[in-house]
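What follows is one structure encoded as structure tokens, with my remarks underneath.
Nothing in this text is a laboratory measurement; each read-out follows from the coordinates by a stated rule. On a predicted model such as this, the values are computed, not experimentally measured, just so you know. Cβ: placed from backbone, ideal geometry, glycine included. Neighbour counts: every protein chain shown.
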Amino acid sequence: MRRPLYLIFPLMFFLLTACATSSDLKAARSELNQQMEEKFAAMDARVDARVSELQKAQAKNAETLASVRKGQANTSADFAELRDQIQQLRGQVETLKKETARDSKKDDDYKSKIDSLLLKINFIENFLEISKKDSAGDIDSAASTKDPSGKPGKAATYAAAYQTFKNGQYTKAREAFQGFLTTYPTGEYSDNAQFWIGECYFFEKSYEKAILEYDKVTKKFPSSNKVPYALLKQGISFQKLGDKVSAKLLLQQVIKDYPNTSQARIARSKLQEIK
């Protein structure tokens, strides 16, 4: 018995529409993937450019850096603007992370790219020390502070050492931070000073000494906000030395003790590099 035509035509129409819808979805997904790839490429280029600028600035000697700063109309304003740009970059990367969540098939691939971007941004943030204690305004105001005897006060002494570090004079900065800790072994800025001693050694590629100094941060200042940074940099330092076992243990500790932080995300990314 033949089926009535009024049943066959709607069925054919439905099948054709389903095919068209499937094709449209594939095209939309392809377009979305292309857009995300373009966004990642643009973001990666911007972050790479910023990292390159900072690395070039570090390579210059103190005299060159000083002359460059003299030519700037307002160093504090430039520094604040740079801080804002880095924070905006981090916000944009976080937004990209949310956008990729719509496509579960791309999660692993995009997560790796996002972690790579966050690692670069973290490098810049470490260099600029984007934190409440070391904000541009705090350092500028501290530089002119003196104690009752007329000598530079605690904040001013720290600010001077930190400025030396920013200038890329790591040996001189390390000695300044060590002198600061001799006078002020505990209290405000002491945990930061200890961390920056480790950073001085790290940037000089003296990774063994850097590890020992980072360890002092975790032992002497266990409640400091610099502890997750110190553990992360210890892990990276061991990785630089080829000690994969120690590196893994420290990176895993960061992930366990400080989940949902930028340090944990970077630790995951570094773990993927260790075979």
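Its residue count N fixes a reference of 2.2 N^0.38 Å for region 187-256, and the Cα radius of gyration divided by that reference is 1.02. According to the Kirkwood relation over distinct C-alpha pairs, the hydrodynamic radius of region 146-217 is 12.2 Å. Here the Debye sum runs over all C-alpha atoms of region 136-273 as equal scatterers in vacuum, and log10 of I(q)/I(0) at q = 0.11, 0.12, 0.20 Å⁻¹ comes out as -0.43, -0.50, -1.13. When you count the other C-beta atoms within 10 angstrom of each residue and take the mean per peptide, 242-250, 189-197 line up highest first as 189-197, 242-250.
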